[in-house]
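Worksheet: the structure to be examined is printed underneath.
The values are calculated or read from the model by the stated rules, or taken from the named source; none is laboratory data. Computed from a predicted model, the values in this text were never measured in an experiment. Here the Cβ is made from the backbone with ideal geometry for all residues, glycine too, and neighbour counts use every protein chain on show. Note: accessible area is taken over every heavy atom of the protein model, side chains too, but ligands, DNA and RNA are not part of it. Shrake-Rupley method; radii C 1.70, N 1.55, O 1.52, S 1.80 Å.
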2 protein chains.
Amino acid sequence: MATPSIKEVAQHAGVSVGTVSNVLNRPSIVAPATRQRVLDTIRELGFVRNEAARHLRLGRGRTVGLVVFDVANPFFTDLAEGADEVAYEHDIVVMLCNSKTDPVREGHHLGQLEQQRVFGILITPYDSADPGLHALVARGTPVVLVDRTADGGGLCSVSVDDQVGGRLAGKHLIESGHRRIAFIGGPLGMQQVADRLAGITSTVEKAGDVELQTFEVAVMGVAHGREAGEKIAALPRRSRPTAAFCGNDLLALGFLQAMAAAGLQVPEDMAIVGYDDIGFAAAAAVPLSSVRQPAGQLGRTAMQLLQEEVEDAERHRHRQVIFQPDLVVRQSSDYTRSSR
Amino acid sequence: MATPSIKEVAQHAGVSVGTVSNVLNRPSIVAPATRQRVLDTIRELGFVRNEAARHLRLGRGRTVGLVVFDVANPFFTDLAEGADEVAYEHDIVVMLCNSKTDPVREGHHLGQLEQQRVFGILITPYDSADPGLHALVARGTPVVLVDRTADGGGLCSVSVDDQVGGRLAGKHLIESGHRRIAFIGGPLGMQQVADRLAGITSTVEKAGDVELQTFEVAVMGVAHGREAGEKIAALPRRSRPTAAFCGNDLLALGFLQAMAAAGLQVPEDMAIVGYDDIGFAAAAAVPLSSVRQPAGQLGRTAMQLLQEEVEDAERHRHRQVIFQPDLVVRQSSDYTRSSR
DNA sequence: GCGCTGGATTGAATCGTCTAAATCAGCGGT
DNA sequence: ACCGCTGATTTAGACGATTCAATCCAGCGC
């Protein structure tokens, strides 16, 4: 009934537990005949390795925790998929955790992962200076920051230059003639959001005659985008922004819905640029312009860095890998492609 | 440096390991003064419980594996979120695994989960009769089927009546006057797909004068939906279906894109009904009609069933919970709401 | 026939935690 | 002064796999 242990396999096959373990871990040093006999017994008995025991003895697990803001956001599932690819090659399993941009949930997950003595953690931290996170690192769990640059250099990180992203969006909108632009995103305390805002701000300031208005949201999801959109649509036409730069595509999608509901045309009455270029952006009611980030690559690279860090802890030097985003212009911000 | 063990905490606090363990697990039987001293030492030393050792000793883990077809499909992330909610209440952590409707990947994940001696597994199985899956169950890992009915009754399951879903879609399209309908989905070997098809087929047959054409796809993703759409758009107008029922919303979204690309109007030239009613369906270029499934509820219920099964293994009787889907009609299948 | 070599196998210790049984200290009752 | 009791604490195995030093043995050269 209960799964047999290595010991029962040994008895059944008439060898010692050491030999069974060797068959499992270094088959080459076991005599072929013995090896086969053990293998047969394993199959016969339906033996399944106990990872917990293995883990205890080895001191380190084969699981990597990936903590992200929002698993429902395709950007993060793409990222997760990239991480998974690399993990698979190294016989590592990925545990996806959803922090929902909530520091409490994030902390909870980190605690669980540390208790599990995971191989390492990839995380988009709510606050990269979180003392809890650094305590965890100090206690020995390897951590790689994802979609976030490690300021101090005390950690590896993989990110995309969000300021550049913000500038790309700003430049595009300004060049399209917009003079009143809204930024929708939040919480502003989040580095990613702050950087995107900083990016577009710098562009706006350079232009001189452009007004940028910030609308902070609590969570970057469709619902909040819609809410912000309703608020903005309700503004008097004269002072209402003519373009919106949304902190991510979910916000942008919600925002777009609000425009439709309010009877405002996109891009004529309101141009929209999102962020992440998730797959659904292109399929939206009005195909969405968006700042594209190489999500899969972020995930792959992060896992590789983690792998490197653990495999060769001595020689390892923390690295900050930074990718460049690019702007994908679609109908939501391009009059020339507009249907009417 | 290395995380301290319970033993070091004991030494430091001047008590035995047993007492430390008791502080952790049954604080009430420890004298308040001692308890406090141990607690202080724990904080001071930064002790973190080793879940692997605990797990080994207890024989069962606190992790539940959730194996789904496609983590990038919002239907499944909603489902996962529901499962997570309930898991959280029971101090259980959920491990999300992506099978990508690939039996090999699925098997790989099941193997990993079994090695980890997880608390249990929730799975949308590619083939619910898979011998590997049943062997795993026989060896003692509790499994609950999700979005899939357990035929034999040898397992708990939570599902939505897909035949009803298919009938709802069929009825709606036929009543809207369509006489040539396409079904896009696959692989047809998947029960969910087969049932949805069976549902619409039965409705079609009852109507008598309606023709149903099936287009099988390998994977239910946006790309395949687009592909199928292109193929159908290329058919001569006379024989081309006037409506499409897609196996899920991702397919439908892709299909919709293909219609736009081919210059066909939705719903005038082609009505579309999707499945799952994911959040993005409402935000699509043409808001998508869809058969809604209570994803979160599926996840919550599944986790509850698993919990019940493990907590009270003796008295437990396997149950099949079946929810009913309902149809959400939006513009993609409704002329009256069409903009033109 | 002896000792040696080297490949194959064994045995025991170990990882960190939990728990049942044993021990201990203190105290009230007789 | 002693017994027995209660409540607090300690002790001593497990749990299952890994690993390394120790052992075993067959074969070989001399």
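Among the residues making up the stretch A:10-55, those that are aliphatic (A, V, I, L, M), more than 8 Å from DNA strand C (Cβ to nearest atom), under 23 Å from B:V118 (Cα atoms) and not in a loop (DSSP other than H, G, I, E, B) are A:L24, A:I42, A:L45, A:A52.
Could you go through the stretch A:164-175 and let me know if any residue there is assigned to a helix (DSSP H, G or I) and among the acidic types (D, E). There is at least one residue in the stretch A:164-175 that is assigned to a helix (DSSP H, G or I) and among the acidic types (D, E). In the stretch B:183-197, the condition of being open to solvent by 30 Å² or more (accessible area, probe 1.4 Å) and within 13 Å of chain A (Cβ to nearest Cβ) is met by no residue. The residues of the stretch A:44-71 that are more than 10 Å from DNA strand D (Cβ to nearest atom) and of a type in the set (S, T, N, Q) amount to a single one, A:T63. Only a single item in (1) more than 41 Å from the chain's Cα centre (by Cα); (2) open to solvent by 50 Å² or more (accessible area, probe 1.4 Å); (3) away from DNA strand D (no atom under 12 Å from the Cβ) is not met by A:T41, and it is number (2).
In the stretch B:123-133, the residue that is least open to solvent (accessible area, probe 1.4 Å) out of those that are part of a helix (DSSP H, G or I) and under 23 Å from B:R60 (Cβ atoms) is B:L133. Scan the stretch B:129-158 and report the pairs whose first residue is within 29 Å of B:Y275 (Cα to Cα) and whose second residue is of a type in the set (S, T, N, Q) and assigned to a helix (DSSP H, G or I), with Cβ atoms within less than 8 Å and a gap of 6+ or a chain change. If the second residue must be of a type in the set (S, T, N, Q) and assigned to a helix (DSSP H, G or I), the pairs left are B:D147/B:Q192; B:R148/B:Q191; B:R148/B:Q192; B:T149/B:Q191; B:V158/B:T301. The number of residues in the stretch B:290-313 that are more than 21 Å from the chain's Cα centre (by Cα) and away from chain A (no Cβ under 14 Å) comes to 2. Among the conditions (1) modelled with pLDDT of 95 or more; (2) in a loop (DSSP other than H, G, I, E, B); (3) of a type outside the set (F, W, Y), B:S239 misses just one, which is (1).
Count, please, the residues in the stretch B:275-289 that happen to be within 12 Å of chain A (Cβ to nearest Cβ) and touching a strand residue (DSSP E or B) at 6+ places or on another chain (Cβ under 9 Å). Let's see the steps before the verdict.
The initial filter retains those residues of the stretch B:275-289 that are within 12 Å of chain A (Cβ to nearest Cβ), namely B:278-288.
Now drop any that are not touching a strand residue (DSSP E or B) at 6+ places or on another chain (Cβ under 9 Å), which leaves B:278, B:280-286, B:288.
The number of residues fulfilling the criteria is 9.
Of the residues in the stretch B:198-223, how many are surrounded by fewer than 20 Cβ atoms within 10 Å (Cβ to Cβ) and either on the phi > 0 side of the Ramachandran plot or within 20 Å of the chain's Cα centre (by Cα) (or both)? So the count comes out to 3. Scanning the stretch B:134-150 for residues that are among the small types (G, A, S) and not in a helix (DSSP H, G or I) returns B:G140, B:A150.
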